[in-house]
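The values are calculated or read from the model by the stated rules, or taken from the named source; none is laboratory data. Keep in mind it's a predicted model, so treat the numbers as computed, not measured. When we count neighbours, we look across all protein chains shown, and the Cβ atoms used for this are built from the backbone with ideal geometry, even at glycine. Heads up: the accessible areas ignore ligands, DNA and RNA and are worked out on the full protein's heavy atoms, side chains in. Shrake-Rupley method; radii C 1.70, N 1.55, O 1.52, S 1.80 Å.
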Amino acid sequence: MRNRGPFAIALFVALCATILFLILPIVAIFADTPPGELIESLGEARARDALWLSLRTTLAAIAVIVVIGTPAAYLLATREFRGKAAIVTAIELPLVLPPAAAGIGLLAAFGPQGILGGALEGAGIELVLQTAGVVVALTFVAAPFYLRGAQAAFAAVDPALLDAARTLGASEARTFARVAIPCAGSGIGAGLALAWGRALGEFGATLMFAGSFQGITQTAPLAIFAGFSTDFSAALALSAVLVAASAALLLSVKLLGRSSLGGVGA
Amino acid sequence: MIWSRGLLVALSLLIAGCGEDGEPGAGSSELVISAASSLEPAFTAYVETAGIDAKQSFAGSDDLAAQIRQGVRPDIYAAANTSLPDALHEEGLVFEPVVFAGNELVLAVPAGSGIDSLDDLGGEEDLAIGDDGVPVGDYTREVVDRLPARLAEAILDSVGSREPDVAGIVGKLSQGAVDAGFVYVTDVVATDGGLEAIELPRKLQPEVAYGIAIVEGAENPEGAQAFIDGLLDGGGEQALLDAGFLPPPGG
């Protein structure tokens, strides 16, 4: 604090500008409309359907991601093999992919005219315009967040612990379930919360791949966009709910991060 | 896609605004246009052939109107109906609108589809239509309301997606995600044979009229007026006709 040169002032100004810029739009969502009106808007059928659909589809996507992603992340964290770096990069790509590109990609892969379109149709699986298609889009964009978190968490587990379990006669599967997962628990939880947040906010890929229909494919972000021109206060109210949910998820990430620093975190 | 266009409007306005500071010449600044999705081919051709320096953003007319209500200030607002420009005019956000083109609502199907008329709908087919409040959606509702109740109900039951603009409907159609959709005949013309238009019976056809207005507080009102004049009688009119638009109805 002694050195209040121009550089220190510049740093301070930059931080203030950053905070203002990032906080203002979020404050504005709550400041624009009185809380009573916001809550009232949430009673409308379109808003309720959208929130309920968002809850169901994000939970389904998270379930798929956890069931398949956890063992996959464990393998990536505990084994070395050729081409591993390339695989890790490839599965992280959706993290930075523009949502519109994700939507086109999903159509080109799983759409009626896509690479797997004929096979899916033969199997009687419909994704486009269906709730299942929303889950596919959410899973695609959110999975890398979980995979990254879980892989890092498994990699941080002391290999001596896993060896000890094996020495004591535990099978590989038992070591994974009873030692690795509990030890990596908080890191896995943090990855899960981030993935959930991303899934809740998904917009472009859902609209392009699954469409927008109330109660079937119109998730909360799509309802916000539909309400933008016809019912601004309902759009604000839904935005407020998403902001609150995202904040809760972020907070849980922070808390989980702290607990994992505190110890083995079982 | 649509929201990124919205961001583009904001950015282009920002950039246009910045350019203005250094260059006080009034008529020389570029024209910022917010126009209905269905106008994209015609306006793009007009701007290109007439050599107009324009930043255009295309989206659902209702979303563009909502942006203007939220303070976005393009020079020109062009909508696929007359009610949105009229409403903005009453709110004091745009100058007196004029009707500059007509269009025809059609049932669009992928080339080679087995659907030949409205009567073929209401079975297993999936439909994409415009959302309520989007002009193409409101016109579609007019058509459906004039149909016999059973067919109308069957058609609404087979709607799989309510899209925010015609671009969304055409996209769903050309990807085979839906079997049919209600769009304008100009949207079908723009696909170069990818889609086929099934004309609606005359008694079902709604009157599709496009309204355009200069936005209050436009940076470039002279350029905007020249652009509109060209649409009524000039290069713009030709581009509209080439794209399959009709002369303004009732004019």
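Below are the figures for this structure:
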| quantity | calculated |
| --- | --- |
| Relative contact order %, chain B, counting alpha carbon pairs below 8 Å whose residues are six or more apart | 29 |
| Between segment B:101-164 and segment A:78-138, the alpha-carbon center distance in angstrom | 30 |
| Estimated dipole of segment B:169-232 in Debye, rounded to 20 [Cβ of Lys and Arg +1, of Asp and Glu -1, Cα centre] | 340 |
| Per-residue ³J(HN,Hα) for segment B:192-205, Karplus 6.51 cos²θ - 1.76 cosθ + 1.60, θ = phi - 60°, Hz, x for Gly and Pro | 6, x, x, 10, 10, 9, 9, 5, 8, x, 3, 6, 8, 5 |
| Amide hydrogen neighbours beyond the local backbone of B:Ala101, cut-off 5 Å, H modeled | B:Tyr210 |
| Charge context of A:Val141, other residues only, Cβ under 14 angstrom, K/R +1, D/E -1 | 0 |
| Excluding exposed DSSP-loop trypsin sites (Lys or Arg not before Pro) (at most 11 other C-beta within 10 Å), longest clean stretch of chain A | A:83-266 |
| Once exposed loop GluC sites (Glu not before Pro) are cut out (DSSP; at most 12 other Cβ, 10 Å), longest piece of chain B | B:125-251 |
| Most mobile listed residue (A:Ser233, A:Ser171, A:Ser186) in chain A, GNM with C-alpha springs under 10 Å | A:Ser171 |
| Solvent-accessible area of B:Asp119 with every protein chain in place, 1.4 Å probe, in Å² to the nearest 10 | 120 |
| Pairwise centroid distance, computed over Cα atoms, of segment B:29-59 with segment A:1-68, Å | 35 |
| Hz values of 3J(HN,Hα) by residue in segment B:128-140 - Karplus curve (6.51, -1.76, 1.60), Gly and Pro given as x | 10, 10, x, 5, 4, x, 7, x, 4, x, 5, 4, 4 |
| In sequence order, calculated HN-Hα J values of segment B:169-176 (Karplus, 6.51, -1.76, 1.60; Hz; x Gly/Pro) | 5, 4, x, 4, 5, 6, 8, x |
| Centroid-to-centroid separation of segment A:145-224 and segment B:182-236 [C-alpha atoms, Å] | 49 |
| Given charges at beta-carbon only (K, R positive; D, E negative), |dipole| of the protein assembly as shown in Debye | 3760 |
| Total formal charge among the other residues, if their Cβ is under 13 angstrom from that of A:Thr78, Lys/Arg +1 and Asp/Glu -1 | -1 |
| Local electrostatic count, A:Ile62, Cβ distance below 13 Å [Lys/Arg +1, Asp/Glu -1] | +1 |
